[in-house]
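Please treat every number below as a calculation from the coordinates, not as lab data. What you see is a predicted model, and the numbers here were worked out from it, not measured in a lab. Cβ placement follows ideal geometry from the backbone for every residue including glycine, while neighbour counts extend to all protein chains displayed.
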């Protein structure tokens, strides 16, 4: 397993993240096995959120034997100081830990999200205090809107950004390019979401991966590898898989290759062709 510096955090993060949603609705025994397999593979970064159903309750006990040796990231969608404080305390309890290595404002999508989080009695008051108290080691955010992400970067010296670096969006719209440049200039850690996503789910189509709200790539290893390489090209220091163990395993198997080898001309041509097919069904 390759490890890369996560911006200026001092964390050397595994090339693949264990997304805690993998454990949602699994038995505790299965959650324990999932985490043990990730640890055995060299994964040292685990990401979770209260919005992932019962995933926190499953991840906490599963991760407890390894907690001192890994980095744990959590999030909040709360925008008020009170709401963020309650969610932070609840997550600490469920995850059986006394601190988070990274804590993130989750799913920043609108200017209103930022105005509320950074305004009086906003979530950032809680986050800043928690960092002063040692409960949070690094502060980050995730975003589903590039303009909002760039504005967030102008408001605070964040340590990490969790952002979709999706090949179809990038090729069709240039999505993610401005964020990639900005975080590189600022030395901020960049974690890539949605690199293994193809398009939106179509109405009525079978959904074999219920934990993913958009259609992941499956059954096409060449496209999956090219998609991962695209995110690496854009500056991702680690990759976050869709919310199932199958895609997590795929990323584990191919991560070293994707960080070691650049996109070929053939892979670029394949991505452009597939992006054209997905042009009217892009996820954002």
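Miscellaneous remarks
- For the pair residue 262 and residue 129 in one chain, pulling the backbone fully straight at 0.36 nm per residue adds 43.7 nm over the alpha carbon distance.
- With contacts taken as Cα pairs under 8 Å and at least 6 residues apart, the chain reaches a relative contact order of 19 percent.
- For the pair the range 256-283 / the range 173-199, the C-alpha centres are spaced 15 Å from each other.
- For 169, 282, order by how many other beta-carbon atoms lie within 10 Å, fewest first: 282, 169
- Read-out volume of the Cα convex hull per residue in Å³, derived from the coordinates shown; its label in (i) 146; (ii) 131; (iii) 122: (iii)
- Shape class of the range 173-284 from the Cα gyration tensor (axes a ≥ b ≥ c, square roots of the eigenvalues): rounded, since a/c falls below 1.5.
- Label sites at residue 269 and residue 246, each approximated as a point 7 angstrom past Cα along Cα to Cβ, lie 3.0 nm apart.
- Note on residue 177 and residue 37: the model spin-label points, each 7 Å out from Cα along the C-beta direction, lie 3.9 nm apart.
- The length gained by stretching the chain between residue 64 and residue 202 to full extension, at 0.36 nm per residue less their Cα-Cα distance, is 45.8 nm.
- When DSSP beta bridges are restricted to pairs lying wholly in the chain, around 20% turn out antiparallel.
- The chain, helix-only ellipticity at 222 nm - DSSP H runs n ≥ 4, -39,500 (n - 2.57), divided by all residues, nearest 500: -13500 deg cm²/dmol
- Ranked packing of 242-249, 203-210, most packed first, by mean Cβ within 10 Å: 242-249, 203-210
- Ordering 136-143, 5-12 by mean Cβ neighbour count within 10 Å, with the highest value first, yields 136-143, 5-12.
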